[in-house]
Structure formats: C-alpha cells, structure tokens
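Values in this text are rule-based calculations from the coordinates and carry no lab data. Treat the numbers as computed from the prediction; the structure is a model and nothing was measured. Note that we place each Cβ from the backbone using ideal geometry, even for glycine, and neighbour counts take in every protein chain shown.
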Amino acid sequence: MSSSASAAPAPEPAATASPPAIDPANVRLNLEGFAFRSIFVRLPEGLAADDLKEPAIWRAVQPTPARLRDFDQLVMVAYDQSWLAEAVVAFADATRVVLAKPRLTTFPPRYDRPLEDARYRIVWGGTGYVVERKHDGHRMTHPAATVALAERDLRHLYPRPVA
C-alpha cells in the first residue's frame, strides 16, 4: 500500500546568530615593545566569553590600522565590565584572528549601586556612565567618566527651582 501523501518537510535548523563584530575604535594600543604589543579591547554588547573562540569577530578590526598581529597580548573587557579575558594572538590575517587559550577573570557585582530615581537610572554605556530613561531605555546624556559625573548629569535633567 503506497501513500500518495508525502510527509511534511522537516523544519530547517535556525541559523545561529553570529557574534557581533568588534569595533576598531575600541581597540587601543597600550604598549608597543620591540617584540610584541600590549592591546586593550572593549568588547561589544552581546559578546559572550565563548565568542572569543570565533576568529571572524575581528573582521572589522583587521583591515584598519588597529589590526592585530601574531604574538600581540590582549586584555579584553566585557561591555558590562563583569569579566575580562587575557590572551595572546596565535594567528592573524586580513580578516581573522585566532586567540591562544583566553584566560577569564570575573569581577564581583557592584556593591554600590549607581543612583536612580522614579524616571531615570545610571547605567554603564560601554565607554562611560550614562543616564537612561527607565520606561524606554533611551539614553539621556553623553557618557561620563565617573558615576559622580553621571549623577550630576541626572540632577541637571530636572528644572531648578526659581528663587
């Protein structure tokens, strides 16, 4: 007995989202020696520690003057500053970078929470502290170097009483 009805095709596996590319503006030379360089990297939001194994995350860095070379020593800090990774570049070409065994260090959570009120909160914005509107997450200020400066910016969002 043959069946003329064919089975429904199996769903295709969902494509895994590739990790975000690292912005060349966030790759900073810390020290250049005679044999190798020491480089500091701020990682983009959404990049997990496991993504450091993916050579293609450096695709935007390699065609720029900030490109990495073999034996460069990297200190890479997560966007939210909850961890950092230290690694040595094992291989680098025009589009990829392979890291040799990144060593992870996790930081404890903050004990002093940044200021917030009913409307706004201070959050880390990747390059500094920003005031964010709570109901929609809109950034209200430019990045500030310290929490104290961000608190000042938050106070300036409210009108001052007139004497």
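Suppose each label sits 7 Å from its Cα in the direction of the beta carbon; what would the LEU157-ALA17 distance come out to in nanometres?
My value for the distance between the label points is 2.5 nm.
Report the GluC sites (Glu not before Pro) located in the stretch 27-127 that are in a DSSP loop and have at most 12 other Cβ atoms inside 10 Å of their Cβ, or state none.
GLU45
Students often check this: by mean Cβ neighbours within 10 Å, which of 103-112, 143-152 ranks highest, and how do the rest follow?
143-152, 103-112
Sketch the reach of a paramagnetic label on ARG119 as a point 7 Å from Cα along Cα-to-Cβ, and name the residues of the stretch 132-148 whose backbone nitrogen lies under 13 Å away.
Those under the cut-off are 132-136, 140-141.
Can you give the direction-averaged projected area of the convex hull of the alpha-carbon atoms in the chain, in nm²?
18.5 nm²
Please compute the Kirkwood hydrodynamic radius over the stretch 24-106, one decimal place, Å, based on all pairs of different Cα atoms.
In the stretch 24-106 this quantity evaluates to 12.6 Å.
Taking the Cα centroid of the stretch 31-99 and of the stretch 106-155, what is the distance between the two, rounded to the nearest whole Å?
Taking the Cα centre of the stretch 106-155 as reference, the centre of the stretch 31-99 is 27 Å away.
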